[in-house]
Amino acid sequence: MTGLEPYEVYALRYATMQKRSSRDSFMFDEHETNWPIDYFVFAVVGKKRTWVVDTGFDKPMAEKRGRTFLECPGDLLKRLGIAHDRVEDVILTHLHYDHCGNHPLFPKARFHLQDKEMEFATGRCMCHKVMRIAFEVEDVTNMVRRVFDGRVAFHQGEEELAPGISVHHMPGHTMGIQCVRVWTRRGWLVLAADVAHFYRNMEEAKPFPIVWNVPEMLESHKRLYKLASDPACVIPGHDPEVLKRYPAAKPGLDGIAVRLDADPIG
Ligand SMILES: [Zn+2]
């Protein structure tokens, strides 16, 4: 036993895309490419503190990028009883556009980020179009502004943020991506975010095509499992299966938000 207070953990789907192009099919068979992809933000709720993991994008960004916007992440959090404008801690797994927009929704938040992710998003890698394809310059410059506002907590490697919640550098998809490990009633749960987009990425060691370093990504897949109490306790970042495998967060939120610290369905 750890003696830790378990957190509640929720996944909230704010956007989706039903058809994916073949450029998303790196190392997958051609006939496997038409997978839907879901976009989530996550909430980690303790007795004293609430953590939001990733902040998603807004409706104009969905239109710009051809995604189907379902509901504002701030409104989704409110439906769970979380006042987004009072949240004090936001963990950004990385700085891709689908994970770090919507800054105005979190005016009181401190943003937790890996040193290496800021280096990646503001340094020489961004000279290459293929490396910056999933970044938006406004998101990155907003994060630089947050640094100058004194509202960014930088982390290097593995750090405990509070008892029962820690971040872990998991390079591969980007240079500085991090996952979040949380103590729950299921044991150690790992929010992989885009360390592994789909269950199949980690189960079959097939990298997602947007990648900074393939071998590092494959190693990070393995490290996700080591951090979790059980392989089923690793939650990928974009898999529509997540909404199917867990019960609704509360009545009325079927197909919208699920509770990840509950036992999987079936
Ligand atoms: Zn993503």
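Throughout, read-outs are computed from the coordinates displayed, never taken from laboratory work. It should be emphasised that the depicted structure is a prediction, and the values quoted were computed from it without experimental measurement. Cβ coordinates were reconstructed from backbone atoms using ideal geometry, including for glycine residues, and neighbour counts include every protein chain displayed.
Taking all C-alpha pairs of the stretch 190-266, those more than 16 Å from each other amount to 50 percent. Within the same chain, aspartates and glutamates fewer than 8 places from residue 64 are excluded, and of the rest, those with a Cα less than 15 Å from its Cα are 98, 136, 138, 139.
Shape class of the stretch 57-167 from the alpha-carbon gyration tensor: oblate, with a/c at 1.5 or above and b/c at least as large as a/b. The Cα center of the stretch 38-110 and the Cα center of the stretch 141-213 differ in position by 15 Å.
Does the stretch 65-119 classify as rounded, prolate or oblate by the C-alpha gyration tensor (a ≥ b ≥ c root eigenvalues; a/c under 1.5 gives rounded; else a/b over b/c gives prolate, otherwise oblate)? Since a/c reaches 1.5 but b/c is at least a/b, the shape of the stretch 65-119 is classed as oblate. What is the spin-label model distance, in nm, from residue 229 to residue 132 if the labels are put 7 Å beyond Cα along the C-beta direction? Modelled inter-label distance: 4.4 nm.
For the set 48/108; 59/116; 48/78, the pairs lying more than 21 angstrom apart at their alpha carbons are 59/116. Annotation: the antiparallel percentage among DSSP beta bridges lying fully within the chain is about 70. Between residue 79 and residue 263, the FRET efficiency from the beta-carbon distance, with R0 = 35 Å, is close to 0.95. The residues neighbouring residue 154, those whose beta-carbon lies less than 13 Å from its own, together hold a net charge of 0 under the Lys/Arg +1, Asp/Glu -1 convention. What is the stretch 111-255 by shape, rounded, prolate or oblate, if you read a ≥ b ≥ c off the alpha carbon gyration tensor as root eigenvalues and call it rounded for a/c under 1.5, prolate for a/b larger than b/c, and oblate otherwise? Since a/c reaches 1.5 and a/b is larger than b/c, the shape of the stretch 111-255 is classed as prolate.
Taking Rh as the Kirkwood radius computed over C-alpha pairs, what is the Stokes-Einstein D of the chain at 25 °C in a medium of viscosity 0.890 mPa s, expressed in µm² per second? My calculation gives 134 µm²/s for D. Note on residue 63/residue 145: beta-carbon distance plugged into 1/(1 + (r/R0)^6) with R0 of 35 Å gives a FRET efficiency of 0.90.
Count charges around residue 97 for me, please; just the other residues with Cβ under 14 Å from its Cβ, Lys/Arg as +1, Asp/Glu as -1. It works out to a net charge of -4.
Every helix of 4 or more DSSP H residues in the chain counts as -39500 (n - 2.57), and over all residues that averages to -6000 deg cm²/dmol at 222 nm. Near residue 64, once Lys and Arg are set to +1 and Asp and Glu to -1 for all other residues with Cβ below 13 Å from its Cβ, the sum equals -3. Straight-line reach from residue 222: taking Cα to Cα under 17 Å and skipping same-chain neighbours fewer than 8 places apart, the lysines in range are 206.
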